[in-house]
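Written out below as structure tokens is the structure these notes cover.
The values are calculated or read from the model by the stated rules, or taken from the named source; none is laboratory data. This is a predicted model, so every value here is computed, not measured. Quick reminder, even Gly has a Cβ in these numbers, built from the backbone with ideal geometry, and neighbours come from all protein chains shown. Side chains are part of the model used for accessible areas, which takes the heavy atoms of the whole protein and leaves out ligands, DNA and RNA. Shrake-Rupley method; radii C 1.70, N 1.55, O 1.52, S 1.80 Å.
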Amino acid sequence: MLKFGGTSVGSAGNIRKVKEIVKSQDDDAIVVVSALGGITDKILNAAKMAILGTDYFNTELTMIRERHEAVVDQLFDGERKEAVKEQVSQLLDELERVIVGVSMIGELTDKTLDKIGGFGERLSSYIISEFIDDASWVDSSKLIKTDSAFGKAQVNFSLTNTLVKAALGEFKGICIAPGFVASNAEGEYTTLGRGGSDYTAAIYAAALDASVLEIWTDVDGFMTADPRVISKAYVIESLSYAEAMELSHFGAKVIYPPTILPVYKKGIPTYIKNTLNPQAPGSLITSSQANAKDRPIKGISSISNISLITVQGLGMVGVTGISMRLFSALALQNINVILISQASSENSISIAVDTGKADAAEQAIRSEFEREIMNGRINKVEVENELSIVAIVGENMKHSTGIAGKLFNTIGKNGVNIMAIAQGASELNISWVVKNSDLRKTLNVVHESFFLSENMEVNVFLLGMGLVGGNLLTQIQQQQEKLLKEKRLKIKLVGVANSRKMLLDREGIAIDGFRDRLDAEGQASGLKAYKDAIIEMNIFNSVFVDCTASNESPTVYADLLNANVSIVTANKVAASSDYDNYRKLKSIAKTKGVKFLFETNVGAGLPIINTLNDLVNSGDKILKIEAVLSGTLNYIFNTISADVPLSKTIQLAKEEGYSEPDPRIDLSGIDVVRKLLILVRESGYKIEKEDVLINKFIPDAYFDGSIDDFWANISQVDADFEQRRQRLEAEKKCWRFVAKYENGQSEVGLQEVEQGHPFYDLQGSNNLVMFTSERYNEFPMIIKGYGAGAAVTAAGVFADIIRVSNI
Ligand SMILES: NC(=O)C1=CN([C@@H]2O[C@H](COP(=O)(O)OP(=O)(O)OC[C@H]3O[C@@H](n4cnc5c(N)ncnc54)[C@H](OP(=O)(O)O)[C@@H]3O)[C@@H](O)[C@H]2O)C=CC1
Ligand SMILES: N[C@@H](CC=O)C(=O)O
């Protein structure tokens, strides 16, 4: 038993493929076909136009005729072509007569719609039966008998089975049959519902005890999720009837849901195959038990444009019959309830319905419970629109504990609000309601967290692509493949911005040539615009990476954290801002389950903050911090000599990429104050920058003007410094800019350090931190190494980004 859908028969080229597939069968075959893709919509549209009294229906009819004639022209030659055309033309004339009739009497009943709705299948099945040599044709409308519920008739299976068996039970060869069409006891046309051709094929398959049913469509099979939303979705090799039924109900439009029941009852294996890619293995639906090794969930599906109606009232508690009245009222209005969720207190019940039916549903409920609403026993009938239902489906969920916990934890961490939840006792399906705007993110996060996808993805929004940001991108580019291969971690750049422009692409921005693309395609930016765009994009596992030295960029952190975007920052401004702000940011991150990481704020790529956190978290108490924390200053004091004056060393530190974009931040001691503040705070103490004593070594006057003034004047201090340097050299001492915290006292300043002191041999731009703690007391813990430089800093930022992924 084979069935080909609208796209599969949508053109002459595809019909040729259908013929090849059918001919390659080594058994007898009944082949059910849909109308040429899009034709049924056109027919129904023509009818609707006719009743509206517009002539547009003629245009639709002409297009329908031309499409069929073109297919016939391409498939047939000579006399055969003329004969087929003639037959097709007669069917189209008949269709036209009915539609003209509709236009004349101005009435379009469900019965008429059923009469004309099946013309597409009658036409396509006739053309294909003529095109496949030796194929016969059978009229499904004579064999599939239904009641008279025009539009979505119910099949009379006992009569249908008898008729199908009588007509085709002994059939040998290839027989083509139209899908979708049926008839009632009076012989009037009925139809099986949109998508009903699948159902037709399943009805034939079950009646004839077919060895297999193949549904040929335009996708490779049931996918783990909608591939238009989740690029990593892949084909599910095999699934049970129950799983297929659940997935198709929840929006996976691969198969028409009623199709499953007849084949399930007879245990007929059913394949979903792709006509346009026949070699692909497809999906197999069988009754075989789920394999214990299978993933707990097979697929994720969703339905959009849902409304949630909540009926609430203390007067509902313990009152029998409320649910019965609610659902009867809806059933009377022919309203399908897609999801039900009830609080165990019985104080409220929420139902999800198609938004198109929401008004009618609300009215039905209000009128059914008019008395209870009047007397206050029911105090709320609330309708929320623009929602979606998401469902995860898998037989193996019942063998795995913690699925729901993991599911809702992951969704929650990504800031998606769940508005209602339903899970059947069979544990085959967990469904929940989210806002339409959260749908894409929800699907991605769920797909990812259940490892339906091979890789974990972290989506990076970068701010600032100067020295550190630029190096970071190069490192990501170099390491991307290895991380993907060995850690299954995909670092995806989805946004870049500098102070002028931003470039955003949820599918990923190639790092090669991104600067040119930012210039050419980037939109005008600003911090607020970039932040709003990030929140608006609402991408799962997002991280905002701040590689600027901006005082303003930290002002967007709180909003981003609140929107469940993690922050990784090389910028020290936030963590060294007011203590309350620092605490607030940490607290939002904690509440939202996202990360606020700033390891590079102290010692660049050195593992200082993480080590400090480990000490404190494991119960140690920091008693004293002594540190050289400025790469720039250490470099300056290691480089200054009789030949290289102070002003030149500052310039060199900038060129080496050690200094802040504005080196006055280093020279004034502000950079070290920021770092000390962060260390003291991370040690668990409250401190503000005003609490730190600064002993400056360059007079304030040099920092007051513009940066150009600074560069123009700074050489004035060279002579004095050279004198002081000579004295120091004679005393075999060196300068170190030291930060110190002890007993609540904090200070930073220039110190003259003697040989033998741990700071004395600190070379180049290195940093050194000594933590004296309760545990590391007699011998303090020392962390030492490069404390500045774009490459090591970028590596530290990179490590923080990887930390966000928790791998
Ligand atoms: N160098 C080092 O050793 C270390 C540096 N850091 C920190 O790393 C950060 C970056 O330093 P570095 O790479 O040297 O700086 P750069 O000056 O080289 O780069 C800064 C980048 O930030 C962008 N930028 C500046 N202001 C804004 C803004 N308001 N909005 C958007 N983008 C902005 C700049 O863009 P535009 O060109 O448009 O102005 C530029 O792309 C600093 O906070 C520094 O303290 C931390 C540890 C060590
Ligand atoms: N400018 C800073 C860079 C690292 O934080 C320094 O010199 O240490």
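In this simple spin-label model, placing a label point 7 Å from the Cα along the Cα-to-Cβ direction at both residue 559 and residue 775 gives a separation of 4.2 nm.
At a probe radius of 1.4 angstrom, the accessible area of the chain per residue rounds to 44 square angstrom. For the pair the range 365-428 / the range 723-740, the C-alpha centres are spaced 70 Å from each other. Computed from Cα atoms alone, the Kirkwood hydrodynamic radius reported for the range 352-486 is 18.8 Å. The mean of 1/r over all pairs of different alpha-carbon atoms in the range 649-807, once inverted, gives a Kirkwood hydrodynamic radius of 17.9 Å. Counted residue by residue at 0.36 nm each, then reduced by the alpha carbon distance between them, the extension gain from residue 731 to residue 718 reaches 2.7 nm.
Pairs with C-alpha atoms separated by more than 21 Å, drawn from the list 592/686; 528/675; 490/590; 413/492; 48/111, are 592/686; 528/675; 490/590.
For residue 170, put the label point 7 Å out on the Cα→Cβ axis and report which residues of the range 207-243 keep their amide N under 18 Å from it. Inside the label zone: 208-209.
Measuring nothing but alpha carbons in the chain and taking Rh as the Kirkwood radius, the Rg to Rh ratio lands at 1.13. Kindly provide the helix-only [θ] at 222 nm of the chain, computed as the sum of -39,500 (n - 2.57) over DSSP H runs of four or more divided by all residues, to the nearest 500 deg cm²/dmol? For the chain, the value works out to -12000 deg cm²/dmol. Of the GluC sites (Glu not before Pro) found in the range 741-807, those that fall in a DSSP loop while having at most 15 other beta-carbon atoms within 10 Å are 774, 778. Local charge for residue 670 was computed over the other residues whose Cβ lies under 15 Å away, with Lys and Arg +1 and Asp and Glu -1, and equals -4.
The 1.4 Å probe gives accessible areas that order 137, 432, largest first, as 137, 432. Here the gap between residue 105 and residue 507, fully extended at 0.36 nm per residue and compared with their Cα-Cα distance, gives a gain of 139.5 nm. Between the beta carbons of residue 66 and residue 287, assuming R0 = 56 Å, the FRET efficiency works out to 0.75 to the nearest 0.05. Loop-located trypsin sites (Lys or Arg not before Pro) across the range 640-739 with a Cβ neighbour count of 12 or fewer within 10 Å are 686, 732, with loop assigned by DSSP.
Against the chain, whose longest principal axis is taken from its Cα atoms, helix 322-332 shows a tilt of about 60°. Taking 1.306 mPa s as the viscosity and 10 °C as the temperature, the Stokes-Einstein diffusion coefficient of the range 456-594 based on its alpha-carbon Kirkwood radius rounds to 104 µm²/s.
Solvent-accessible area assigned to carbon and sulfur over the range 478-607 amounts to 46 percent, based on a 1.4 Å probe.
Efficiency by 1/(1 + (r/R0)^6): what FRET value for residue 334 and residue 134, r their Cβ-Cβ distance, R0 = 35 Å, to the nearest 0.05?
0.15
Quote the Stokes-Einstein diffusion coefficient, in whole µm² s⁻¹, for the range 1-80, based on the Kirkwood radius over alpha carbon pairs, a temperature of 20 °C and a viscosity of 1.002 mPa s. Provide the component values of the computation, followed by the final result.
Working: Rh = 14.2 Å.
Translational diffusion coefficient: 150 µm²/s.
The angle between the Cα long axis of helix 646-655 and the main principal axis of the chain comes to about 10°, on a 0 to 90 degree scale.
At full extension, residue 591 and residue 366 could sit 77.1 nm farther apart than now, given 0.36 nm per residue minus the alpha carbon distance.
Using a Förster distance of 56 Å, how high is the FRET efficiency between residue 346 and residue 186, based on the Cβ-Cβ distance and rounded to 0.05? Efficiency, from the Cβ-Cβ distance: 0.75. If a/c stays under 1.5 just call it rounded; otherwise compare a/b with b/c (prolate if a/b is bigger, oblate if not). Do that for the range 695-756, with a ≥ b ≥ c from the square roots of the Cα gyration tensor eigenvalues. Oblate, since a/c reaches 1.5 and b/c is not below a/b.
Cross-link list 253/406; 232/441; 586/689: which exceed 20 angstrom alpha carbon to alpha carbon? In this structure, 253/406 lie more than 20 Å apart at Cα. Taking 25 °C and 0.890 mPa s as conditions, the range 50-150 diffuses translationally at an estimated 163 µm²/s according to Stokes-Einstein applied to its Kirkwood radius (Cα pairs).
Taking N as the number of residues in the range 2-210, what value does Rg over Cα atoms divided by 2.2 N^0.38 Å take?
Details: Rg = 16.7 Å, N = 209, 2.2 N^0.38 = 16.8 Å.
Output field value: 0.99.
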